């Protein structure tokens, strides 16, 4: 590994150690990950909906300007290249996708080379997601040393995702109270950082409902509380769209 490669890995490590919420910096994360392995493109997928028996991936970050449909897909094990890696639990290195077993799963893009790598993002023995990187057109295919660097990048991302999720728990008083009432085994599954946020949110929602019911609130009042939460979310989405539209007008001018 030469000085330039080490420098790019260092830049990624510094970025991930900044302590800021990752969700607000996903585009930059994907670009730094791609630069770290000298790739033309990088996409990061994390486990989302689905239980342990049927895990599904969700696109979390990408350097490419992908269509909306790509962000809505939820591939499971074996249903895509990333899904195949999820199913096997092992990284994949392909010199030329056109002559590989993944040829029928590939999405041809003229701005990408034929070589690619797909690497599990894991914390310990628990897989959190998959990182996919594609080579540059006309460049040498990825080799074992590139795969090693990709593994390091995926490990750094995995640790950062774990820390980010734990910080989310610490910032939530509802989560803290829920954890305090759980059995040690259940609490451990919540605090290892491996549980997808969607599943964690359901656990907290059930605890919130039980607390309200135990306090004597009726079904109608609990529904009103849920409606208020939905209203707050709708307001946040509206404000976010307004801010994006304002920024777009500034860029055009």
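Cα centroid separation, segment 32-91 to segment 124-167: 11 Å.
Treating r as the C-beta distance of residue 105 and residue 64 and R0 as 22 Å, the FRET efficiency rounds to 0.85.
Using R0 = 30 Å, the C-beta based FRET efficiency linking residue 214 and residue 234 works out to 0.60.
The order of the peptides 116-122, 225-231, 204-210 by mean Cβ neighbours within 10 Å, most packed first, is 116-122, 204-210, 225-231.
Readers should treat all values here as calculations from the given coordinates under stated rules, not as data from a laboratory. In this text, all values refer to a predicted model and were calculated from it rather than measured experimentally. We place every Cβ from the backbone using ideal geometry, glycine too, and count neighbours over all the protein chains shown.
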